1. Distance in nm between label sites at residue 232 and residue 194, each 7 Å beyond Cα in the beta-carbon direction?
2. Using a simple spin-label model with points 7 Å from Cα along the Cα→Cβ vector, what separation in nm is obtained for residue 390 and residue 347?
3. Could you check the simple spin-label distance between residue 400 and residue 103, using points 7 Å along Cα→Cβ, in nm with one decimal?
4. Provide the gained length on full extension for the span residue 72 to residue 420, in nm with one decimal, where the gain is 0.36 nm per separating residue minus the Cα-Cα distance.
5. Quick one: which of 19-28, 105-114, 337-346 comes out on top by average Cβ neighbours within 10 Å, and what's the full order, highest first?
6. For 425, 119, what ranking results if the residue with the fewest other Cβ atoms within 10 Å of its Cβ goes first?
7. Give me the number: length gained by fully extending residue 365 to residue 243, i.e. 0.36 nm times residue separation minus the C-alpha to C-alpha distance, one decimal in nm.
8. If you rank 140, 267, 200 by fewest surrounding Cβ atoms within 10 Å, what's the result?
Ligand SMILES: NC(=O)c1ccc[n+]([C@@H]2O[C@H](COP(=O)([O-])OP(=O)(O)OC[C@H]3O[C@@H](n4cnc5c(N)ncnc54)[C@H](OP(=O)(O)O)[C@@H]3O)[C@@H](O)[C@H]2O)c1
């Protein structure tokens, strides 16, 4: 084992996480800074383009706020923390890293931060190259979960103490008594990252142990170190995260819509919620309900987090204690569908996805699939199909059914039944092998 490999191992196994300068007090930055602060990892500086979010987060984590312009113009008024986290949108990572490198070039090498991290699962290390050239070790620190915007602990947003980047170069967000507004381990708050996975990408030859594993561990998350992952590998990884989070969410939306069309008891109201109402904008950011996300990312032993059986489906209020033959008023489509999806996720955790496949498509039950299609196609075309982007209930079913068919073909389901379903779905002859089953 080389000294650098030994260093990696030491950092992964026990070193405490060093202090962090956070740039970008948005959804992800806020969740991480609050989690690190609660775990005792210092976050002495929060840098933002806008005053209020930076100041409020700085106050919540016992640090100081600084404007992005102030940081670039004048640098830090004190020593740089060892870690800089660029919690900015994907498109801003490279320009922000370059701007920061311009400022750090004026800082003596021994006083620069040692690590620079960004949070995008879709980008490799390339956008941080300008910082790497200055001697910083660079890493991707990608939390595999949706972060929709942590509320700040109450009391965090107090009276303004000045402007970020003001005369002193920063705002003391710590109250005069010196105690942070939220003490480590302070008010009861479930850390969204606890139990999550964080993918940590770093260059294996950088000669410095990656800091991401220690930062993940501090959050109660499991780090998945991935030394040397390329941009193309990360694009595939991020596509997988997109399917597991946003894909599951969209399927559940399509299923809810079908129950509404069916007139399922307790389902009513408008056809669709406002766009973006499910939270964050990155693939891991618009994920399924937390319980489904937990199940999708949890090891098999942790599958109990998935809603399970009637207890998960039934509301606790009086409506849930009525006629046991009737679904409780207001339960709507979501609770029964989540209970069903939860069972499917548990089966995936226990047996793997191909062995867990069930249902008429996998069984090759063309009669039932034909009945589905007949009912779906009899529905009136949806008003306003989102400018042609939404193929409507029948089209959505066909899209999802094609994927089930592909999986069933890989699972070794009897071919004749799958062929019959493929013909119904109009997939015969579409596929790369001429069968129409399995889009590749
Ligand atoms: N949210 C999630 O679920 C999630 C999960 C995993 C990974 N990530 C990753 O985390 C990163 C941040 O995403 P987010 O969802 O937290 O975004 P966000 O909520 O939009 O927050 C972005 C933050 O960066 C600031 N910012 C934007 N452009 C900037 C620039 N050019 N220079 C400096 N600061 C800038 C924003 O300031 P303003 O408020 O002034 O615009 C805001 O404070 C992305 O790489 C994303 O892929 C997000």
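1. 4.2
2. Between residue 390 and residue 347, the label points sit 2.9 nm apart.
3. Once both label points are built, they end up 4.7 nm from each other.
4. Stretched out fully, the residue 72 to residue 420 stretch lengthens by 118.9 nm.
5. So the peptides 19-28, 105-114, 337-346, ranked by packing, come out 19-28, 337-346, 105-114.
6. 425, 119
7. Gain on stretching residue 365 to residue 243: 41.3 nm.
8. Lowest to highest Cβ neighbour count: 267, 200, 140.
Values in this text are rule-based calculations from the coordinates and carry no lab data. Computed from a prediction, not measured in an experiment: that's the story for all the values here. Please note: Cβ atoms are built from the backbone with ideal geometry, for glycine as well, and neighbour counts cover all protein chains shown.
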